[in-house]
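Q: Supplied in structure tokens, the structure appears directly below.
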Amino acid sequence: MNKTKIELYNVGKTKNRIKILKDINLRFGSGKIHILIGPSGAGKTTLLRLLNRMDEPSSGKIEYDGKDIKDIPVLELRRRIGMVFQIPVIFDGTVKNNLSVPYSLRTNSNHVNEEDLINALELSGLRNDFLERRASDLSVGEKQRLTVARALMNKPDVLLLDEPTSALDHFTGIKLLESIKKLNEALGLTIIMVTHQLEYARILDGRVINLVNGTIVRVEEVEDSFLDSESI
Amino acid sequence: MEGFNYNLIDISYFDLLISLGLIIVAAGLSRFQHMGIERDLFVGAIRTFIQLLAVGYLLKYVFAFDRWYLILLIIFIMIIVASRTVTQRQRKKTKELPYIVGFAMTAGSGITVFVATQILLQIKPWYEPHYLIPLAGMVIGNSMNGSTLAVERIDSEIQSRKLEIEAYLALGATARQAARTCIRSAMRAAMIPTINSMMVVGIVALPGMMTGQILSGTSPLIAVKYQIIIMYMIAFSVAISSFILANLRFNRYFTSDHRLKEEVL
Ligand SMILES: Nc1ncnc2c1ncn2[C@@H]1O[C@H](COP(=O)(O)OP(=O)(O)OP(=O)(O)O)[C@@H](O)[C@H]1O
Ligand SMILES: [Mg+2]
């Protein structure tokens, strides 16, 4: 089953008359790991934000499972396509409170299945005795894991990650990436991650999409790109 | 009306002139201490004199003329001026702001004044200006302050919490759910001055209207009962208008498909 999940057709994005993305054509296959790489200011964040409609493209079309994402109710789309930001945003209260947010947004109730909570914690590499801890007391690395776990509470098909390791030290960053890779393997979750470090691409062993100046310069399997960068 | 046998002393214009002496002394002090506020002090004193005297004559005329449409017109003007004041206080003046402020204040003060004059006091005729105008003025003035705080707070909350708002949106929250903390905080900010003054009324400060009633010969107990009603009216109308306002205002920052607008980001 090689169902194509997200497709971009001639997608452009202009902000304040500056062309940030130009004519992007891309296909993100389902169940895979995709890495958006490129220098600062290339448009990686801009591109990522179009995929769950945190922003709208200025031109072109984005399809999810063959359907224009504009025709999918936006709240549903954002639950299917979860997002983790560069800087972890933690809500008030305990870890449990944080994890309950997606459920309570949907149902106005706080009675989340305890099993789901533990599951999300374990999948994102947090110990399950964290549940009653105050979320603001967590370390930055733990906070970032918490935001991953929180996004998982919606049971998404796709997870967008915008430089999730940038607030973390090298070692913690790599540990997070390993958890992300496990998510892909265990749940078949499609991962689209922004980074500007090629080394992370190797750890994740995914497809690399190289974005420079708002255009895609190449798409390659990780081995090739790694060889390339070493030969430069 | 129950009251004291008490001769109200009229104040002559000569008396007013003498009281101006107090301002002159204060200005002298400013001069002496190089505070540099003499000019403002005089301008303020003259404006007080002219504005209040003009209102005095206007009200005298309105009370004598005694027509419902003239009284409603005056209340309408009060709301317009108050809405403009709220708008001018904001750093982000948008086209729709005066309208939503006007609407929120009309609703908040309208309901309040209606309940107070028609259901509670049952004034006759229904537009009796001796009641309607000061009560409306009091309520509108306080709603104006509450509304200023509400708009200011919701604007700054949304700016400072945009990361949090986006985190909520990305989890599938509606715009309203994502802005809930901001809306609450705006309403709280609007209500706090009113709640504070309810806490200390009579202890720290004697309200102006009560003082005025007592000075003009009303029994303190009656004046106090009026004041109690007024405090409740103010609390109610500030709550209603800031509730409406915060709920209308936050919308400006979002698109219909639950995105934060780019100019905010
Ligand atoms: N509102 C805006 N108006 C004009 N230019 C903008 C606006 N927002 C972003 N840009 C520009 O668009 C370009 C792409 O920004 P984007 O955040 O997508 O880059 P990025 O690839 O994620 O970079 P980084 O690795 O530093 O996060 C940048 O040059 C940025 O300055
Ligand atoms: Mg970025």
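The values are calculated or read from the model by the stated rules, or taken from the named source; none is laboratory data. Since the structure is predicted, the reported quantities are computational estimates derived from the model, not experimental observations. Heads up, the Cβs are rebuilt from the backbone with ideal geometry, glycines too, and the neighbour counts pull from every protein chain shown. Ligands, DNA and RNA are excluded from the accessible area calculation, which covers all protein heavy atoms including side chains. Shrake-Rupley method; radii C 1.70, N 1.55, O 1.52, S 1.80 Å.
Q: For B:Ala150, which of the numbered conditions (1) in contact with a Lys or Arg (Cβ under 8 Å, 6 or more places away or on another chain); (2) within 19 Å of B:Leu59 (Cβ to Cβ); (3) not acidic (Asp, Glu) fails to hold?
A: For B:Ala150, the exception is condition (2).
Q: Counting residues that are open to solvent by less than 40 Å² (accessible area, probe 1.4 Å) and either touching a Cys at 6+ places or on another chain (Cβ under 8 Å) or at pLDDT below 95 (or both), which helices (runs of 4 or more DSSP H) fully inside region B:169-217 reach at least 1?
A: Answer list for region B:169-217: B:180-200, B:208-215.
Q: Which of the residues belonging to region A:74-88 are facing chain B (nearest Cβ under 9 Å), assigned to a loop (DSSP other than H, G, I, E, B) and surrounded by fewer than 21 Cβ atoms within 10 Å (Cβ to Cβ)?
A: Answer for region A:74-88, where residues must be facing chain B (nearest Cβ under 9 Å), assigned to a loop (DSSP other than H, G, I, E, B) and surrounded by fewer than 21 Cβ atoms within 10 Å (Cβ to Cβ): just A:Ile87.
Q: So which of A:Asp65, A:Asp92 is touching a Ser or Thr at 6+ places or on another chain (Cβ under 9 Å), of a type outside the set (A, V, I, L, M, F, W, C) and within 9 Å of another protein chain (Cβ to nearest Cβ)?
A: When all the criteria are applied, what remains is A:Asp92.
Q: For region A:126-148, which residues satisfy the criterion of being free of Cβ contacts under 8 Å to residues at least 60 places away in the same chain, assigned to a helix (DSSP H, G or I) and more than 12 Å from chain B (Cβ to nearest Cβ)? I'd like the intermediate steps shown before the answer.
A: Within region A:126-148, the subset free of Cβ contacts under 8 Å to residues at least 60 places away in the same chain is A:126-143, A:145-146.
From what's left, assigned to a helix (DSSP H, G or I): A:128-130, A:135-137, A:140-143, A:145-146.
Of everything in region A:126-148, those that are free of Cβ contacts under 8 Å to residues at least 60 places away in the same chain, assigned to a helix (DSSP H, G or I) and more than 12 Å from chain B (Cβ to nearest Cβ) turn out to be A:Asn128, A:Asp129, A:Phe130, A:Ala135, A:Ser136, A:Asp137, A:Val140, A:Gly141, A:Glu142, A:Arg145.
Q: Continuing with this model, one more query. Could you tell me which numbered condition B:Val55 fails, if it satisfies all but one of (1) outside the structural domain of B:Ala150 (by TED's automatic domain parsing); (2) at pLDDT 90 or above; (3) more than 22 Å from B:Ile230 (Cα to Cα)?
A: B:Val55 satisfies all of (1) outside the structural domain of B:Ala150 (by TED's automatic domain parsing); (2) at pLDDT 90 or above; (3) more than 22 Å from B:Ile230 (Cα to Cα) except (3).
Q: Filter region A:98-122 for residues that are open to solvent by 80 Å² or more (accessible area, probe 1.4 Å) and within 13 Å of chain B (Cβ to nearest Cβ) and give the result.
A: A:Arg106, A:Asn108
Here's the yes/no breakdown for (1) open to solvent by less than 90 Å² (accessible area, probe 1.4 Å); (2) at pLDDT 95 or above; (3) of a type in the set (Ser, Thr, Tyr); (4) more than 13 Å from ligand 1 (Cβ to nearest atom):
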position: A:Thr4; (1), (2), (3), (4): yes, no, yes, yes
position: A:Gly12; (1), (2), (3), (4): yes, yes, no, no
position: A:Asn16; (1), (2), (3), (4): no, no, no, no
position: A:Leu26; (1), (2), (3), (4): yes, no, no, yes
position: A:Ser30; (1), (2), (3), (4): yes, no, yes, yes
position: A:Gly38; (1), (2), (3), (4): yes, no, no, no
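Q: For A:Lys61, indicate whether it is loosely packed, with under 15 Cβ neighbours inside 10 Å, modelled with pLDDT under 95 and more than 13 Å from ligand 2 (Cβ to nearest atom).
A: No; evaluated as a whole, the condition is false for this residue.
Q: Can you pull out every residue in region A:150-202 that is of a type in the set (Gly, Ala, Ser), surrounded by 15 or more Cβ atoms within 10 Å (Cβ to Cβ), away from chain B (no Cβ under 13 Å) and within 14 Å of A:Ser124 (Cα to Cα)?
A: A:Gly173, A:Ser179
Q: If you scan region A:9-54, which residues turn out to be under 20 Å from A:Asp157 (Cβ atoms), within 16 Å of ligand 2 (Cβ to nearest atom) and not in a strand (DSSP E or B)?
A: A:Leu47, A:Leu48, A:Arg49, A:Leu50, A:Leu51, A:Asn52, A:Met54
Q: Can you name the residue in region B:244-265 that is in a helix (DSSP H, G or I) and surrounded by fewer than 20 Cβ atoms within 10 Å (Cβ to Cβ) and is also nearest to ligand 1 (Cβ to nearest atom) among such residues?
A: B:Arg252
Q: Please state which of the following conditions A:Val222 fails to meet, knowing it meets all the rest: (1) open to solvent by 20 Å² or more (accessible area, probe 1.4 Å); (2) more than 16 Å from ligand 1 (Cβ to nearest atom); (3) modelled with pLDDT under 85.
A: The failed condition is (1).
Q: Pairs, please: C-beta under 9 Å, at least 6 apart or cross-chain, first residue aliphatic (A, V, I, L, M) and in region A:40-58, second part of a helix (DSSP H, G or I) and within 13 Å of ligand 2 (Cβ to nearest atom)?
A: A:Met54/A:Leu48
Q: Also, quick follow-up: Only one of these is within 26 Å of B:Ser216 (Cβ to Cβ), assigned to a helix (DSSP H, G or I), in contact (Cβ under 8 Å) with a residue 24 or more places away in the chain and assigned by TED's automatic domain parsing to the domain that holds B:Leu245: B:Ile79, B:Ile74. Name it.
A: The unique qualifying residue is B:Ile74.
Q: Collect the residues in region A:139-149 that are hydrophobic (A, V, I, L, M, F, W, C) and open to solvent by less than 10 Å² (accessible area, probe 1.4 Å), keeping them in residue-number order.
A: A:Leu146, A:Val148, A:Ala149
Q: Sticking with this structure for a sec: Could you please find all residues in region A:96-135 being over 18 Å from B:Gly172 (Cα atoms) and touching a Gly at 6+ places or on another chain (Cβ under 9 Å)?
A: A:Arg134, A:Ala135
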